[in-house]
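Just below is one structure, and these are the notes that go with it.
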Amino acid sequence: RTQKRRDGKKLKASDYRGKVVMLSFWASWCGPCMRMVPAEVKLAERMEGKPFALVGVNGDCIRADAKRAVEKEKITWPSFWSIKGPDGPIPTAWNVQGWPTIYVLDPNGVIRFKGEDIDLLNQKIDRILSQFADKTHT
C-alpha cells in the first residue's frame, strides 16, 4: 500500500522487498520513542551497505511536529506520516497498541519480531540477515 512520507513523497512497502526491514512506530510526543532514536541512528549506520532498511511510521497529528523531531534528532531514514496520529490507518493496520512499537520483517515481508528492546532488536536483525545471507550463498 502506498502512503506518503512525512515530506510528502510516496513510499511503498514493496520498495523494501528483499531486505530486512525494521519498522519503527514513533512520535515526537513519545518519550521512550525519542530516547530510542540515538540507538536507531547507530543501527542505521552499522547496517549501511547491507540489505537492511529502517523505516519509521510517525504518530504525530501535526506534520510539522514530526518534521521538527526529524531535524532535531537527525533522523536520516524515511518515515511514513500517519495523518491521524496514533489512530491513523498505518498504526491501525499494524495493530499498534503502544508507542514505540517496532516490527522486524524478513526479506520476504514476514514479521519475525515485535518489541521495543533495541539490544534484542539488534540481535534479531543480525540473526535474520545472516540466515538469509546463508541461503543466498548456498
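The values are calculated or read from the model by the stated rules, or taken from the named source; none is laboratory data. This is a predicted model, so every value here is computed, not measured. No Cβ is skipped: glycine too gets one built from the backbone with ideal geometry, and neighbour counts run over all protein chains shown. For the accessible areas, the whole protein counts, side chains as well, though only heavy atoms, and no ligand, DNA or RNA atoms are used. Shrake-Rupley method; radii C 1.70, N 1.55, O 1.52, S 1.80 Å.
Take the conditions aliphatic (A, V, I, L, M), modelled with pLDDT of 95 or more and buried (at least 21 other Cβ atoms within 10 Å of the Cβ) and apply them to V37. Does it pass? No.
Among residues of the range 30-45 being in contact (Cβ under 8 Å) with a residue 40 or more places away in the chain and in a helix (DSSP H, G or I), the one that is nearest to the chain's Cα centre (by Cα) is E40.
State the number of residues belonging to the range 52-103 that are part of a loop (DSSP other than H, G, I, E, B), among the hydrophobic types (A, V, I, L, M, F, W, C) and open to solvent by less than 50 Å² (accessible area, probe 1.4 Å).
4
Scanning the range 67-90 for residues that are of a type in the set (G, A, S) and either closer than 15 Å to C33 by Cα or more than 15 Å from the chain's Cα centre (by Cα) (or both) yields A69, S79, G85, G88. Candidates in the range 94-132 are the residues that are free of Cβ contacts under 8 Å to residues at least 40 places away in the same chain and aliphatic (A, V, I, L, M); of these, the one that is farthest from M36 (Cα to Cα) is V110.
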